[in-house]
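Shown next, in structure tokens, is the structure this report addresses.
The values are calculated or read from the model by the stated rules, or taken from the named source; none is laboratory data. The structure displayed is predicted, hence computed values, not measured ones. Heads up, the Cβs are rebuilt from the backbone with ideal geometry, glycines too, and the neighbour counts pull from every protein chain shown.
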Amino acid sequence: MISRPQLAVRDLLGDRPWTRPARTRRGYSASLFDVTDETFERDVLQADVPVVLDFWAPWCGPCRAVEPILQQLEEETRGRVEFARINIDEHPLTAARYDVLSIPTAILFDGGEAKATLIGARPRSHYERALAEVLPAA
């Protein structure tokens with residue numbers, strides 16, 4: 001038997017399967033959506049707004065240190081920039097395509113092109129500088 005909330009979701013999504021937003025033990029929130037090698041083109045390169053793509057892995061300690069910074073920036077730039085993540089262990093092709101050899105690495109994409117790359121756990125100000133290049137002054 002299908003519950004009332006499940007019916008409501010089915011009405012909203014039609015025949016598309018619904019999955020609960022990703023939430024891992026490591027604390028990534030749904031505001032940082034997951035990208036795969038298969039969805040990278042659509043979700044990142046063809047996006048209407050700039051996308052910060054975080055290359056990470058579950059075993060990476062510095063990746064967990066960067067996560068709160070990305071969440072804060074996502075909340076502050078909501079609608080103007082999207083924040084996504086890709087697990088390099090599960091989806092190595094995109095990492096290889098952009099020569100990601102160390103994690104965390106965040107690449108800022110705009111208009112289908114990589115505009116800035118930040119390697120390693122960086123202070124918030126480094127991410128803000130990269131975003132300032134693609135966002136109009138508020």
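Tabulated data for the structure shown
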| item | result |
| --- | --- |
| Those helices (runs of 4 or more DSSP H) lying entirely in region 46-138 with at least 1 residues modelled with pLDDT under 95 and basic (Lys, Arg) | 61-76, 124-132 |
| Contacts under 7 angstrom Cβ, first residue in region 30-48 being over 16 Å from residue 71 (Cβ atoms), partner assigned to a helix (DSSP H, G or I), 6 or more apart | 35/43; 35/44; 37/93; 37/94; 40/94 |
| Enumeration of residues in region 55-79 that are loosely packed, with under 15 Cβ neighbours inside 10 Å and under 14 Å from residue 120 (Cα atoms) | 61, 62, 65 |
| Pairs with Cβ under 6 Å, 6+ apart, first in region 62-88 and under 18 Å from residue 44 (Cβ atoms), second among the polar types (S, T, N, Q) and part of a loop (DSSP other than H, G, I, E, B) | 74/31 |
| Residues of region 106-129 satisfying the condition of being among the aromatic types (Phe, Trp, Tyr) and touching a Pro at 6+ places or on another chain (Cβ under 7 Å) | 109 |
| Filter pass, residue 20 being outside any helix (DSSP H, G or I), at pLDDT below 75 and surrounded by fewer than 13 Cβ atoms within 10 Å (Cβ to Cβ) | yes |
